[in-house]
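Since the structure comes first, as structure tokens, the remarks are kept for the end.
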Amino acid sequence: MASTYLTRTNAQAATNVDKATISFWLKRTRLGTEESVFGAYSSDANRLKFRFRSDNKFDFEVGVGGSWYSLITNRRFIDTNSWYHFVISYDSTQAAASDRTKIYINGVLETSYATSNYVPQNQDFYFTKNGLGITIGDNYQGGSHQNYFDGLLSHFVCVDGQALDATTFGQTDSDTGEWKWKGVSGVTYGNNGFYLLKDVANVTDYSGNNNNFTAGGGGMTLTQDNPSNNFPTMKSPGWSDHAHSYGGNRVVTSGTNYRYSVATMGVHKGKWYWEAKFQAVSDYAIMGISGDTGGQSNSTGHILGAGLYHYSVVYNTVGGNGHKYNNAGNSPTNTPGAFMGGFSAGDILTFALDCDNNTLKIGANGQWANGSGSTNQTFANTTAITIADPTLVPSGYYFPACGDYSGSSSTIEFNFGNGFFGNTAIASAGTNASNLGLFEYDVPADYKAICSKGLNT
């Protein structure tokens, strides 16, 4: 959500101020910084908030007259590849302190806390009270919005007047053993409850209560990435030089040589397609795939392919050409040479990775590279880069990747089928035979989006 937040003010009396349930799915994309997910505000001294701390622990906090009651997990939430399901069940009428606030994560009751300071008995749950301001995606404090959640949120449900457990909203898949969303059939929301699904325009409450929200701080982005079909994001292996934002799909490369980012999902068989848009591009921008996720140094396996790490990439040059660097086989065989036209800000690069035939095709702005310095070919006539068999690369998988060298920096936005670059939706959807994801350009026949449904078919 970047610097975007949702807000509303309760306009009704609570169904029951002592009981409530909040359920939501989220996907983290930025670690090591404080991010607030939800808050209800009466004053700085009387409030409720859920947040991830800078140490990546989850913190449930209630402020009562300046006294703070908090549940801080021992576990750290550092997975940027998966969706988490949180359920906070609140019933302050319970005699046992540990029964007053229960936190379920992916269907399992959390029992291990670094801090466990439970609310007093019969303490009001601020979210449900009349006249309270509510925010999703940030923390409102001291008269300003702050600590924005820069990740993805889905299926946000609040129930006023009932303390429900996780099985109300999720269930274990009998085939995979994974916790999954099961819907809200039979849920009654109470006066101030709501259900937010995936609605960019009006942030509509689907509970029937008309407790709609207003977006502030910028525009929201409707993404295809959801708990039922998980898409990759980008990360920096072994270091934190690159900045990642907008749901993890915008990468600002560092000025440090040979640093790179890779996708959180890799492939080792099948045919796969994705896109990347340059918002700013250096003379030394690098785009392509990586067979390594270990964060190698510039002498033993950076993205240019030195050593035995098997990268196949195209990089920009001052001369305006896209040059090929291909490291295939078990020894360094880097072969620089003009392969396609150079990159400019606004260009959208297209990638078609065939792990069954060990080839990578690259194009730009709807045209495919002919292998001699331009992009003017149809897909069938495109010159492919030969890559090493995935079984020969260190990880056994190939990952979409980007980077920079010679102290340069670029801004690159990936679309793995999410349907947007950064926070801007694609201009017009191309054809997609697999019906998985939304892309700017036509997806070649038999190629799929890298996502959980694509990987499982």
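Read-outs: derived from the displayed coordinates by stated rules, not from any lab. What you see is a predicted model, and the numbers here were worked out from it, not measured in a lab. With ideal geometry, Cβ positions are generated from the backbone for all residues, glycine too; neighbour counts draw on all protein chains shown.
So which of K180/K277; K27/K453; K19/K182; K49/K453; K182/K453 end up more than 28 Å apart, counting from Cα to Cα? The partial results should precede the final answer.
Values: K180/K277 32 Å; K27/K453 17 Å; K19/K182 23 Å; K49/K453 34 Å; K182/K453 17 Å.
As for pairs spanning more than 28 Å Cα to Cα, those are K180/K277; K49/K453.
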Item to complete: Enumerate the calculated ³J(HN,Hα) couplings along the range 31-48 in order (Karplus 6.51 cos²θ - 1.76 cosθ + 1.60, θ = phi - 60°), each rounded to whole Hz, writing x wherever the residue is Gly or Pro.
Response: 10, x, 9, 5, 9, 9, 9, 8, x, 10, 10, 9, 7, 4, 8, 10, 6, 9
Response to the item:
Karplus-derived 3J(HN,Hα) from phi for the range 228-236 (6.51 cos²θ - 1.76 cosθ + 1.60, θ = phi - 60°), whole Hz, x at Gly and Pro, runs 8, 8, 8, 10, x, 10, 9, 8, 9
Worksheet item: Using only Cα atoms, what is the ratio of the radius of gyration of the range 15-77 to 2.2 N^0.38 Å?
Response: 1.20
Item to complete: Apply 1/(1 + (r/R0)^6) to the Cβ-Cβ distance of R76 and L109, taking R0 = 25 Å, and write down the FRET efficiency to the nearest 0.05.
Response: 0.85
Discussion item. If packing is taken as the average number of other Cβ atoms within 10 Å across a peptide's residues, how do 267-279, 151-163 rank, most packed first?
Written reply: 151-163, 267-279
Response to the item:
Put in order of increasing Cβ neighbours within 10 Å, starting from the fewest, Y315, Y398, Y84 give Y84, Y315, Y398
Worksheet item: Which cross-chain or sequence-distant (5 or more) residues have an amide H under 5 Å from the amide H of N376, H modelled 1.01 Å from N in plane?
Response: W368, N370
Worksheet item: How far is it, in nm, from the label point at S43 to the one at A13 when both lie 7 Å from their Cα along the line to the Cβ?
Response: 2.4
Response to the item:
For K102, counting only aspartates and glutamates whose alpha-carbon sits under 16 Å away and dropping same-chain residues fewer than eight positions off, the answer is D18, D59, E61, D91, E110, D124, D160, D165
Worksheet, complete the sentence: Contact order relative to length for the range 5-216, counting C-alpha pairs under 8 Å separated by 6 or more residues, stands in percent at 30
